[in-house]
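J.: The structure under discussion is supplied below as structure tokens; questions concerning it will follow.
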Amino acid sequence: MDGWTGIWGKVGARSPGFGPGVWKLMLPLFVLGALRGVAAESVESPSPLVFGMSAALSGPAADLGIEMSLGVRTAFDELNRAGGVQGRPLQLIALDDGYEPERAVPNMHRLIEQDNVLALVGNVGTPTAVAAVPIANRAGVPFFGAFTGAGGGGGAPPARGGVDYPARDAPPTPPDRVVVNYRASYAEETEAMVDALVEVVGVRPAEIAFFTQRDAYGDAGFAGGARALKRHGLEDPLNVAHGRYERNTLAVENGLADLLLHDTLPKAVIMVGAYAPCAEFIKLARTSGLNGFFLNVSFTGAEPLRLALGEAGEGVIITQVVPHFESALPAVEAYRKALSSLDPEAAPSFGSLEGYIAARILCRALESVSGPIGRDAIIESLESLGTFDIGLGTPLELGPDKHQACHQVWPTVIRGGRVVPMEWSDLASRSGE
């Protein structure tokens, strides 16, 4: 008895009516069925649409990268559960750069040249973006929804010869083709702060100081504030009190001293930095007699800043480029539901909400591609979105000459140990501080 006869004979002995001869006849049908099963599995598991991200997943800015990647994955998971795009799932490869440009560069080369990503989405940080954008440009890879508000300074000079992020709408110069942004710029955030301090509170422009990171990120925020100060009558904004610190350090003492020793003691400090050094600065400033208003841009990270400040955080202001994550707006409600589906233990945050919104816009563009999905098709589809609404309470717009979808700035404040929404008019009640 050959091997197959032996096997099927034993099976047939347990199955009345099925002898070795019958099983031999049925064997080709089983083999054919198995092959069909393999083919069906191949059809049911199409190749994914792969996207990349270089972000701080370790180090002092790790919370920002972790939250941004979580938000992107949340939007991808939401779309994947609905069938993906053209039947293909979306996949994110996130690499850690520690918020350092020299680590972002090899990440970009690996993502583009080895992983063959269709686009970069949600890269975190301005100094890393300054290093990454030229690489994306040379390869023609979309650089979408980066977690940076740099650029768009409107001609205001960066502080002390700093380098700016070269990729926001700044007419008459057309936008960089591969770079498409979701969020408002740091210039728009700091301009909103200056306008509120001067117009609502009555702070004189000369009484507004800056504390910034010594790189393109800090320079970008300062540029917008300097432009607003000049608009409010300050002749030379570069002469305002301005303290700085080195990226990825807590060495804030010299920056604080620059403000304390300035001719005019500031009544408000606009801060463009990471949450840990900004928290250290605020705590030291309060114990040194420098009180008044402390205002932080979105990249600082509201929740990490709140935790780092503890009781010293009361009244600290953080502008946001997304609505509050507890909002009842349709897009925010969808975000909370999708986040819970992906990870029931994950807490909503401004960072992951920004990643989710950026990825939702990307998904909208992907779904409108009628032919093969490639790098050029993604850029063209993003530029074809025009004016659209995803449920943020404000219209968004993208086009060939418009590569920044949103210009809205939402102010928040730390009150009672929580980051809560506020209106700029609320500052009037604090004008005596």
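We did not get these values from a lab; they are worked out from the coordinates using the rules stated. Everything numeric in this text was worked out from a predicted model, so none of it was measured. So basically every Cβ, Gly included, is an ideal-geometry build from the backbone, and we count neighbours across all protein chains shown.
J.: Could you tell me how far the Cα centroid of the stretch 396-414 sits from the Cα centroid of the stretch 111-151, in Å?
T.: Centre-to-centre distance over Cα atoms comes out at 19 Å.
J.: Find the Cα radius of gyration of the stretch 284-349, compare it with 2.2 N^0.38 Å by division, and give the number to two decimals.
T.: Expressed relative to 2.2 N^0.38 Å, the Cα Rg reads 1.40.
J.: Would you tally the net charge around GLY225, using a Cβ to Cβ cut-off of less than 12 Å, leaving GLY225 out, and scoring K and R as +1, D and E as -1?
T.: Result for the local shell: -2.
J.: First obtain the Kirkwood hydrodynamic radius of the stretch 255-309 from its Cα pairs, then insert it into the Stokes-Einstein equation at 20 °C and 1.002 mPa s, and state the resulting D in µm² per second as a whole number.
T.: D = 187 µm²/s.
J.: Considering only the other residues whose Cβ falls under 10 Å of the Cβ of GLU191, what net charge follows from Lys and Arg at +1 and Asp and Glu at -1?
T.: -1
J.: Taking 2.2 N^0.38 Å as the expected size of a compact globular protein, what ratio does the Cα radius of gyration of the stretch 298-433 give against it, to two decimals?
T.: My calculation over the Cα atoms of the stretch 298-433 gives 1.24.
J.: Something else now. Quick one: if you stick a label point 7 Å off each Cα along the C-beta vector at GLU345 and THR249, how many nm between them?
T.: Once both label points are built, they end up 3.7 nm from each other.
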